[in-house]
């Protein structure tokens, strides 16, 4: 049985790109014309990450690249203005990319709305996790976003301090008691527990301020 590398749903008919449902592919990339194969290898990614990472404000220690779709419908690295984030599996943790993707897809079972994501392949065939940036509008304008380290007024070095109870109370205050947001936080903590994610620290929990809200 073959499954889609975006939604993990079964493929039951011929599609534009092997291993991708057309509707899911269009939802992630906006067009079926985009190539799901990266125009560079894993080793070339290592070189590119050093070149482009300086201009990227993406938290986390894992190597990653910011990507955009070029006029030739290829996903290429950029230092700014990227629409996607690429994260391959670290060499010491094979298949971490597939694991992260599966975690995002399973979160939907708890009515969590994850960032649009999927798996793409390097030119040498290795899979990598790709996610659409949720902190950018279509016009590339940046959305205001605060992680809970900032919310607590602490330094990043204290990201493991505090409890989920305290985090929930802070979210309640920051959203003026908006219960739907607090319940979403509870679902995310529950999902992290169920899949064994023991690294859901305060910098991995953020609130986004939407226009007019």
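The set of residues in the range 21-36 that are touching a strand residue (DSSP E or B) at 6+ places or on another chain (Cβ under 8 Å), part of a loop (DSSP other than H, G, I, E, B) and surrounded by 17 or more Cβ atoms within 10 Å (Cβ to Cβ) comprises 34, 36. Among the numbered criteria (1) in a loop (DSSP other than H, G, I, E, B); (2) at pLDDT below 95; (3) surrounded by fewer than 17 Cβ atoms within 10 Å (Cβ to Cβ); (4) under 17 Å from the mean Cα position of the chain (by Cα), which one does residue 92 miss? For residue 92, the failing item is (4).
Determine whether the range 170-184 contains at least one residue that is closer than 28 Å to residue 21 by Cβ and under 18 Å from the mean Cα position of the chain (by Cα). Yes, some residue in the range 170-184 is closer than 28 Å to residue 21 by Cβ and under 18 Å from the mean Cα position of the chain (by Cα). Criterion applied to 51, 68, 16 was being surrounded by fewer than 17 Cβ atoms within 10 Å (Cβ to Cβ), at pLDDT 90 or above and farther than 25 Å from residue 204 by Cα, and the one residue passing it is 16. Applying the condition of being out of contact with any helix residue (DSSP H, G or I) (no Cβ under 9 Å at 6 or more places or on another chain) and touching a residue at least 12 places away in the same chain (Cβ under 8 Å) to the range 98-113 and asking which residue is nearest to residue 125 (Cα to Cα) yields 98. For the range 1-13, a residue qualifies if it is at pLDDT 95 or above and either in a loop (DSSP other than H, G, I, E, B) or under 24 Å from residue 133 (Cβ atoms) (or both), and the qualifying residues are 4, 5, 6, 7, 8, 9, 11.
The values are calculated or read from the model by the stated rules, or taken from the named source; none is laboratory data. Predicted model, so just to flag it, every value in this text is computed and none were measured. FYI the Cβ positions are ideal-geometry reconstructions off the backbone, even for glycines, and counts take in every protein chain you see.
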